[in-house]
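Novice: Have a look at this one before I ask anything.
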Amino acid sequence: MKKDIPELIVEDVAIAIVKEKDEQENEVWNSYLINLKDHKIEAVLVTSTGYGEIDGEQKKTSTLRHFLNEIEPHSFMKIEPLLEDLFGLSNEYWLSFYAQNNLYDKKYIFLPETIREENFTLLPLLKKKGVLIK
């Protein structure tokens, strides 16, 4: 029965969007998964997609899937680069992983125009500024 299925809430795992320099010193935007837990997370799968309206026209990006295997406690891993042209869309990251023999999943949505410098905060572990959803 549905009442017998435990409701597992994702805590201490975040997605961040960071503006940084690449190898050629160009400014780029990257997304990161941050594990703030005291234990590793395993079989980590992240899907990303963008959707919404730009200039009165409905837009949707391709859905990308990233298998990150495992992320150690108190560490982070880059997910993917993000094009600045997509900031006018809702950028959705759907995360699923195993932790301590339980399967967890959570959807993180960066709403249109929220990825901007006035919304930056100092990101845990990365020690850089960016936009964070916990």
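The values are calculated or read from the model by the stated rules, or taken from the named source; none is laboratory data. This is a predicted model, so every value here is computed, not measured. Note that each Cβ is placed from the backbone with ideal geometry, even for glycine, and that neighbours are counted across all protein chains shown.
Novice: In this structure, is residue 85 loosely packed, with under 15 Cβ neighbours inside 10 Å, more than 27 Å from residue 21 (Cβ to Cβ) and not small (Gly, Ala, Ser)?
Specialist: No, not satisfied.
Novice: Scan the range 43-81 residue by residue and report those that are touching an Asp or Glu at 6+ places or on another chain (Cβ under 8 Å) and of a type in the set (D, E, K, R).
Specialist: Matches in the range 43-81: 59, 70.
Novice: Which of the residues that make up the range 28-40 are in a strand (DSSP E or B) and out of contact with any helix residue (DSSP H, G or I) (no Cβ under 7 Å at 6 or more places or on another chain)?
Specialist: 28, 30, 31, 32, 33, 34, 35
Novice: Here is a check on your reading of the model: is residue 36 touching a residue at least 24 places away in the same chain (Cβ under 8 Å) and out of contact with any Asp or Glu (no Cβ under 7 Å at 6 or more places or on another chain)? Walk me through it before giving the result.
Specialist: Values: touching a residue at least 24 places away in the same chain (Cβ under 8 Å): yes; out of contact with any Asp or Glu (no Cβ under 7 Å at 6 or more places or on another chain): no.
So residue 36 does not fit the description; no.
Novice: Looking at the range 74-82, can you tell me whether even one residue there is under 14 Å from residue 14 (Cα atoms), over 15 Å from the mean Cα position of the chain (by Cα) and either of a type in the set (Asp, Glu) or surrounded by 15 or more Cβ atoms within 10 Å (Cβ to Cβ) (or both)?
Specialist: yes
Novice: Right, another one. So which of 23, 27, 53, 84 is at pLDDT below 95 and either over 28 Å from residue 127 (Cβ atoms) or of a type in the set (A, V, I, L, M) (or both)?
Specialist: Residue meeting the stated conditions: 53.
Novice: Among (1) without any contact (Cβ under 8 Å) to a residue 60 or more places away in the chain; (2) within 23 Å of residue 127 (Cβ to Cβ); (3) not charged (D, E, K, R), which single condition is residue 14 missing?
Specialist: Here residue 14 meets the rest and fails (1).
Novice: A further question follows. Can you list the strands (runs of 3 or more DSSP E) lying wholly within the range 41-134 that have 1 or more residues being of a type in the set (Phe, Trp, Tyr)?
Specialist: 41-54, 64-71, 75-82, 90-99, 102-110
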